[in-house]
Every structure is written in structure tokens, then in C-alpha cells.
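First comes the structure, then the notes that go with it.
What follows draws every value from the coordinates through simple rules; no lab data is involved. Here the structure is a predicted model, which is why all the values come from computation and not from measurement. Note that we place each Cβ from the backbone using ideal geometry, even for glycine, and neighbour counts take in every protein chain shown.
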Amino acid sequence: MCARTVLPKLSFLNLAVLAVTPRGCIGGFRGAASLHRYAMVQAMHSHRFDRPIILTRHARLRMDERNISEAELLSVIDTGETRYKDAVHLWAFKHIAERADNLVCAVLVLEDAVVVKTVMHHFSLEV
């Protein structure tokens, strides 16, 4: 089942268990053994892109590792500067005053949702 059919049904949920595959589809549980592939995320929505936000498990792990909150991530996505690789792949980055490890950057893919592939700190722009 792909994101196009599932995401409209998620708007009523406070929490959703999501896993994004390389093809952008959302998978379901297949027993406790596969639970490690899924990230528990609170429903977030980007005002800038007017789409729901989905975190990959990798992005959630990097956020935890780098102590980046969902509020900080949402701020980066909605109010940070952007650099596009192409029409759907981009970096969103922002200096967050309370952090000493700036810039904070999110690698995004714009599909039916904003898919956060990873989150970085100590980010610097290549010229």
C-alpha cells in the first residue's frame, strides 16, 4: 500500500507507526521481529509545503543521537533556508540560537508527504 492511499487516513491519528521504503510506500507490521524497522512518530504537518511529515527510522535515530527535537526539526523544515537538488530532493537548514552545533539540516524528499531521510548538525554549505 503506497503513501497516496494511506496518508489521507492518518489525519485522525495522534500517533502513527510508519516505515518508508525506498519506493515511498508505507509498510505494515509483520510481527515483532520486524518492529525495529519502524519509527514511532507523532503526526506532524509542514505549513511551508502543506503536507504531512514522515520521518524515516534513520532520521529518528539521527535526531535522538544529535538531540534534535521534533519542534526544532519542524522549525528547520518550515522556516529554514532551502537548497534544491531537483524538483523533489532538497536540504532545509537553519541556525538555531539555543544550539552550539549549528547549522541543523534536514534532507527531504517531497512526495505526497515531506519525507525526512536524515537530520544533520554541524552542516556547512558547499560552494
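A single member of Ala106, Ala100, Ala92, Ala113 is out of contact with any Leu (no Cβ under 8 Å at 6 or more places or on another chain) and not acidic (Asp, Glu), and it is Ala100. Could you grab me the full set of residues in the stretch 48-65 that are in contact with a strand residue (DSSP E or B) (Cβ under 6 Å, 6 or more places away or on another chain) and either among the charged types (D, E, K, R) or surrounded by 20 or more Cβ atoms within 10 Å (Cβ to Cβ) (or both)? Across the stretch 48-65, the qualifying residues are Arg51, Pro52, Ile53, Ile54, Leu55, Thr56, Arg57, Ala59, Arg60, Arg62, Met63. Of the strands (runs of 3 or more DSSP E) lying entirely inside the stretch 66-127, those containing at least 1 residues that are in contact (Cβ under 8 Å) with a residue 40 or more places away in the chain and crowded, with 18+ Cβ neighbours inside 10 Å span 104-110, 114-120. Set side by side, the residues Met44, Met63 differ, and just one is out of contact with any Gly (no Cβ under 8 Å at 6 or more places or on another chain), farther than 25 Å from Glu126 by Cα and among the aliphatic types (A, V, I, L, M), which is Met44. Looking only at the stretch 45-65, filter to residues that are part of a helix (DSSP H, G or I) and not charged (D, E, K, R); which one of those is farthest from Glu98 (Cα to Cα)? In this case the residue turns out to be His58.
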